[in-house]
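Reading through the C-alpha cells given below for one structure.
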There are 2 protein chains.
Amino acid sequence: MLSAEILKEFVQIVGSEHVLTSPEDLIAYSYDGTSVEYCPDAVVSPFNTEQVSRVMQVCYREGICVVPRGMASGLAGGAVPVSGGVSLCLTRMNRVLNLDTENMMVRVEAGIITADLQAQVESVGLFYPPDPSSVRHSTIGGNVACNAGGARCLKYGVTRDYVMGLTVVLSDGRILQTGTKAIKNVTSYDLKNLFVGSEGTLGIITEVLLKLIPKPEFARTAMAVYPLLENASVTVNNVLRAGVLPATIELMDNTTIETIEEYLHLGLPTNVAAILIIEVDGSDEETVTKQIETIGQVCRASGASDVRLAKTETERADLWRGRRSVLPSLVRRGPDQLSEDISLPRAAIPEAIRRIKAISEKYGLTIAVFGHAGDGNLHPSILYDKRDPEQVRRMEQASRDIFNIAIELGGTLSGEHGIGVLKLPFLRLALSPIEIELMQAIKHVFDPKGILNPGKKFPYHIKN
Amino acid sequence: MLSAEILKEFVQIVGSEHVLTSPEDLIAYSYDGTSVEYCPDAVVSPFNTEQVSRVMQVCYREGICVVPRGMASGLAGGAVPVSGGVSLCLTRMNRVLNLDTENMMVRVEAGIITADLQAQVESVGLFYPPDPSSVRHSTIGGNVACNAGGARCLKYGVTRDYVMGLTVVLSDGRILQTGTKAIKNVTSYDLKNLFVGSEGTLGIITEVLLKLIPKPEFARTAMAVYPLLENASVTVNNVLRAGVLPATIELMDNTTIETIEEYLHLGLPTNVAAILIIEVDGSDEETVTKQIETIGQVCRASGASDVRLAKTETERADLWRGRRSVLPSLVRRGPDQLSEDISLPRAAIPEAIRRIKAISEKYGLTIAVFGHAGDGNLHPSILYDKRDPEQVRRMEQASRDIFNIAIELGGTLSGEHGIGVLKLPFLRLALSPIEIELMQAIKHVFDPKGILNPGKKFPYHIKN
C-alpha cells in the first residue's frame, strides 16, 4: 500500500487522471500474456521522460518497486508486478519524435505500438524489420526490453540490431542518454546493449533511436512439404549455401499442421512430417523471382515432396494463412496452452523436435512445434487443461524437460520472449554461477535498491 | 619491476622461453601502430585459456598490471603498457578450435590473425566479413577488443555483429564462458557485448565464437568522380534508396586523390572534389551485374561527372589500387601523419569535410580525408613533421578541432580504432558524466583492483 502523501506526489507529477488506485483499475494492470497475476498498488502513466524521472525520484527515495509496462503482451510474466508497487504505464508516451529520412533513422517514445511505428516509417519508403507476432499490440519499449524477434530475423536480425541509442531513466531518476546517429561507435562501453533484453530490471527505457532500411518492394513466398523432418531442417542450410538469404524460413511440424487443419480446414497437406514457409524479399522484382525459384529447386533437391510457389499476392496470402493460424488453432484446441521459446543451434532442430515428440508421448500431452527454423528459434506449445491439477503437473514436467533439451543441444531458454518470472526456475540450467554473479553485480550498479522490476530475469538479492 | 619469485611463477605456468624480461625484448613490446611507447616489465605468452587464467591469478594476487596484446597494430595506443606490468601476448593462441559448417560458425583462439581465420573459413565456402585494413597483421582478439570495422561494414556490419560467444579470463583468473551457437538469445544480460569494444579493460578475451555467412562468389566495382562533394555524399543515400546495398562505399577527397597521384601516378582524375569507390557482391552474377549498373545510373543522376565500371577482375583491381594506396602515399608525403577515426551521421559527411578543410587552412597543415562514406566513418589524416614542435602543437590543435566537429555534428570520437590513450583527453567531449560514471562502476565490477589495461579507454580511478 502506498501512502496518501506519495500518491499525492504522483498526482502532482502526472495529473490525477493518470494515477489509478481503485481495485477495478488495478486488476486491469495485474496480468500480461501469461496466466501470472499480481495487482500493483498504483498505476502511474507519465507523459514524457521528465515525468518518468520525477516519478522514479519519488520511488527511489521511498524504496517503492516499479514495474515498467507497455501493452503487457509479454509471454513470460515480465510486466506483472509480482511484488506490488507502481505499474509504470508508458503507453501515453507514443510519439514519433524525429523521422530522419536522410540518415534513415527514427527517434520514438517507448510507448509507441510497433506496428504504428512501422506504418509511419513505411509511409516515407523506409522499413523497420523486426516483427514479433505481437507487433500490433506490443510497444517498442517492450520490444527493446525483451529484444523481440519475429519471423524476419533470419535476414534482418532482431530488435537489438536496430537500436542505435536509448534514453533511459535510471532507478534514482537520473536520465541517461546513450548512443548517437553515427553507425559505427566504439567510444563508450556498450551500455545500450546492456538495456536491450534486460526486461526492465536496469532502467526505464523512455526513448529509442532506431536504424531503418529502405522498404523492400517485392516479396515472393514458397511452401515446401517434407515427409522427413531432417530434410526440412537440412533445407535451411542448403538454401543459405545456395547464396540466397530469405527474409523468413518458418517451420510447422505435423502436430501443428494437423491442429490447424482440424479447426480451420485450410487444405494444408496432412500426413507429412513438416512444412516450411519461405519468403524472399527485395527491391528488384526479377531478382526476387529468381531467388524464390532457386529456393524451390533447393527444397526439392533437399527432399521436399511438394513445393508450391505463390504466383500472385492472393496465393502468397493463402500460404501465410496457415502460419498465422497456428496460435488461434492451438487456443481453440487447448483448452490451455503454454508456448515456449527455446533457441537452438540451427543444426540441432531435427534432434530437438524428435526429443520433444518423445516428451509428448511420455507425458500424454499434445505438443505442437513451430517457429523460426531459419534462426533456430522454436516455440514448442504444450496443450493442457489448467482446471486439472494433474495435467498442470505433467505440463510443468514436460516444460522442464524441453528446457533441458535446449541446453543439452547447445541452445538456451529464450530466443525472444525473455525470462520474466515463468522461466526463472530454470535459469541455472542455462547460465553459469559466474554469469549470474556478474549479472547481480551489474544490477547493483544500476539499481542499488533493487526497486526495478523485482523478481524478474534472474535471482537477485539486494546487497547490504 | 617484478620480483624473481613472480617471474618464476610465470615460468612455471608458460615455460621459460615464453617469459621475456631482457631490455631488448621488452622494447619490441613497447609500442603499437602509434608513436606511443612504454616498456612492460615482462612479456608473458600463454598457450591456452588455462595458462591465461593461472597468470591472471598471480597478477590479481600481486596487483600487477596486465596489458593484453595481439599483433599490436592498434591505432590508439591500446596495447602499449603505459603503467608497465605484464604484456600478455596472445599470439601463440592462434588455433581454429571448431569449424562448424552446418551451423556456419567458427570457434577460434584470440591470437589468430584475422586474415588467416578468413582464409580457413573461405576454404570451406564460408566467409567472415569484417575486414579492418590491418586484417593481415591484427588478431581476432584485438578486433573484438576494438570492435574493428573496415570497408565492408555498410552491408555486413562490424565485428560485434559476428561475435556469438566469448571465453574471457576475468581479472581474478576466473574463466567466463558466455554466449551459445543459438542465434537468438535473451536469457542473460548482454555480457558479451560489454567485452566487445572494451579494449582489454574488463577481461582477457581468449576464445571467440563467430557467426559466418556463405561466401559471396561475385563482386563488381565502380568508381564515380564528383565535381561537388555534396553530390558524392548524396549518392550514398540515393544508392541505398534505390534498393541496392553495396558491400562498400569508400570516399576519397581531393587532397587524398592528389596525394596518391603525386606519389604513385595511377591516373586518377585530379581537379575533382571527390571519388567514390563502390563495390557490390553476391552469389548470383547476373544480379550483381545489374546492381552495379543501377549504381552507375544513380551516381550519374546524383551528379557524378564520370563513372567507370570495372568489366574485368583486372579493371576491378585497378580501381581498388587507388584506395589501397592512400596510407602508403600519405606516409611517403608525411613525414608524419595522424590518422583520425571520427564517426558521423551519414548525412553530416559533406559539412564535416568542409569544416575539416577550413581547419587545414587555419593551421596550415595538409589534411587528407578518406574513409567509409557508406557508414559515416571518416579518417581525416593530418600530415606534419614531429621533429618540429611548433607543427606538433598545430597538429594537436587541429586534432582537437576535428573531434569537436564530430561531436557538434552528432557523431563520436571513434568508429573502429578505439579510444586507447590517444583519444582519452577528448573523451568528455563525447560522453556525459553519467555515462563515464556507469563505465567506472562496471569496470569496478569486472576489475576491482584496476589491473586490466590501466590508463586506457576512459578515466578510471580505483575505488577504496
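The values are calculated or read from the model by the stated rules, or taken from the named source; none is laboratory data. Keep in mind the model is a prediction, meaning the values are calculated, not measured. Glycine gets a Cβ as well: all are built from the backbone with ideal geometry, and neighbour counts include every protein chain shown. Surface accessibility is based on the protein's heavy atoms, side chains included, excluding ligands, DNA and RNA. Shrake-Rupley method; radii C 1.70, N 1.55, O 1.52, S 1.80 Å.
Odds and ends about this structure:
- Options A:Ile367, A:Ile359; residue that is surrounded by 17 or more Cβ atoms within 10 Å (Cβ to Cβ), away from chain B (no Cβ under 14 Å), without any contact (Cβ under 8 Å) to a residue 60 or more places away in the chain and of a type outside the set (Ser, Thr, Tyr): A:Ile359
- The listed residue being open to solvent by less than 10 Å² (accessible area, probe 1.4 Å), at the interface with chain B (Cβ under 10 Å from one of its Cβ atoms), in a loop (DSSP other than H, G, I, E, B) and modelled with pLDDT of 95 or more, out of A:Gly197, A:Gly173: A:Gly197
- When the stretch B:24-42 is filtered for residues that are within 17 Å of B:Gln337 (Cβ to Cβ) and of a type outside the set (Ser, Thr, Tyr), the ones remaining, listed by number, are B:Asp32, B:Gly33, B:Val36.
- Residue check, B:Asp116 surrounded by fewer than 24 Cβ atoms within 10 Å (Cβ to Cβ) and within 10 Å of another protein chain (Cβ to nearest Cβ): no
- Only one of the numbered conditions (1) more than 14 Å from chain B (Cβ to nearest Cβ); (2) more than 27 Å from A:Met1 (Cβ to Cβ); (3) open to solvent by 10 Å² or more (accessible area, probe 1.4 Å); (4) part of a strand (DSSP E or B) is violated by A:Asn94, and that is (4).
- Whichever residue in the stretch B:373-385 is more than 9 Å from chain A (Cβ to nearest Cβ) and closer than 24 Å to B:Cys146 by Cβ and, among such residues, is farthest from the chain's Cα centre (by Cα): B:Ile382
- Filtered residues of the stretch B:271-292 (kept if exposed (fewer than 15 other Cβ atoms within 10 Å of the Cβ) and either away from chain A (no Cβ under 13 Å) or at pLDDT 95 or above (or both)): B:Asn271
Residue by residue, here is whether (1) of a type in the set (S, T, N, Q); (2) touching a strand residue (DSSP E or B) at 6+ places or on another chain (Cβ under 8 Å); (3) surrounded by 24 or more Cβ atoms within 10 Å (Cβ to Cβ); (4) more than 30 Å from B:Phe458 (Cα to Cα) holds:
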| residue | (1), (2), (3), (4) |
| --- | --- |
| A:Lys155 | no, yes, no, yes |
| A:Ile183 | no, yes, yes, no |
| A:Leu229 | no, yes, no, yes |
| A:Ala232 | no, yes, yes, yes |
| A:Val239 | no, yes, yes, yes |
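- When B:Ser305, B:Ser329 are checked against the criterion of being within 19 Å of B:Ala274 (Cα to Cα), away from chain A (no Cβ under 14 Å), open to solvent by 10 Å² or more (accessible area, probe 1.4 Å) and touching a Phe, Trp or Tyr at 6+ places or on another chain (Cβ under 9 Å), a single residue qualifies: B:Ser305.
- Leading residue by the ranking (farthest from the chain's Cα centre (by Cα)) among those in the stretch B:136-150 that are crowded, with 24+ Cβ neighbours inside 10 Å and not in a helix (DSSP H, G or I): B:Thr139
- You will find that of A:Ser83, A:Ser73, the residue that is outside any helix (DSSP H, G or I) and within 23 Å of the chain's Cα centre (by Cα) is A:Ser73 and no other.
- Criterion: surrounded by fewer than 24 Cβ atoms within 10 Å (Cβ to Cβ) and closer than 29 Å to B:Trp320 by Cβ - qualifying residue of B:His417, B:His379: B:His379
- Note on the stretch B:200-221: among residues that are in a loop (DSSP other than H, G, I, E, B) and not hydrophobic (A, V, I, L, M, F, W, C), the one that is most open to solvent (accessible area, probe 1.4 Å) is B:Glu217.
- Residue in the stretch A:255-270 that is open to solvent by 10 Å² or more (accessible area, probe 1.4 Å), free of Cβ contacts under 8 Å to residues at least 40 places away in the same chain, touching a helix residue (DSSP H, G or I) at 6+ places or on another chain (Cβ under 7 Å) and away from chain B (no Cβ under 11 Å) present: yes
- The residue list A:Ala406, A:Ala398 contains one member that is free of Cβ contacts under 8 Å to residues at least 60 places away in the same chain and buried (at least 17 other Cβ atoms within 10 Å of the Cβ), which is A:Ala398.
- For the stretch B:395-412, residues that are away from every other protein chain (no Cβ under 14 Å) and either over 16 Å from B:Lys362 (Cα atoms) or among the hydroxyl-bearing types (Ser, Thr, Tyr) (or both) total 1.
- Yes/no for A:Leu424 being surrounded by fewer than 23 Cβ atoms within 10 Å (Cβ to Cβ), more than 28 Å from A:Val236 (Cα to Cα) and within 14 Å of chain B (Cβ to nearest Cβ): yes
- Qualifying residue in the stretch B:33-53 (condition: open to solvent by 60 Å² or more (accessible area, probe 1.4 Å), charged (D, E, K, R) and touching a Phe, Trp or Tyr at 6+ places or on another chain (Cβ under 9 Å)): yes
- Top-ranked residue in the stretch B:97-107 [being outside any loop (DSSP other than H, G, I, E, B) and free of Cβ contacts under 8 Å to residues at least 60 places away in the same chain; ranked as farthest from B:Gln12 (Cα to Cα)]: B:Leu99
One line per residue, one yes/no per condition, for (1) in contact with a Leu (Cβ under 8 Å, 6 or more places away or on another chain); (2) outside the structural domain of B:Ser339 (by TED's automatic domain parsing); (3) within 19 Å of B:Leu422 (Cβ to Cβ):
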{"residue": "B:Val58", "(1), (2), (3)": "no, yes, no"}
{"residue": "B:Val67", "(1), (2), (3)": "yes, yes, yes"}
{"residue": "B:Ser73", "(1), (2), (3)": "no, yes, yes"}
{"residue": "B:Val80", "(1), (2), (3)": "no, yes, yes"}
{"residue": "B:Val86", "(1), (2), (3)": "yes, yes, no"}
{"residue": "B:Thr91", "(1), (2), (3)": "no, yes, no"}
{"residue": "B:Asp100", "(1), (2), (3)": "no, yes, no"}
{"residue": "B:Met105", "(1), (2), (3)": "yes, yes, no"}
{"residue": "B:Ala110", "(1), (2), (3)": "yes, yes, no"}
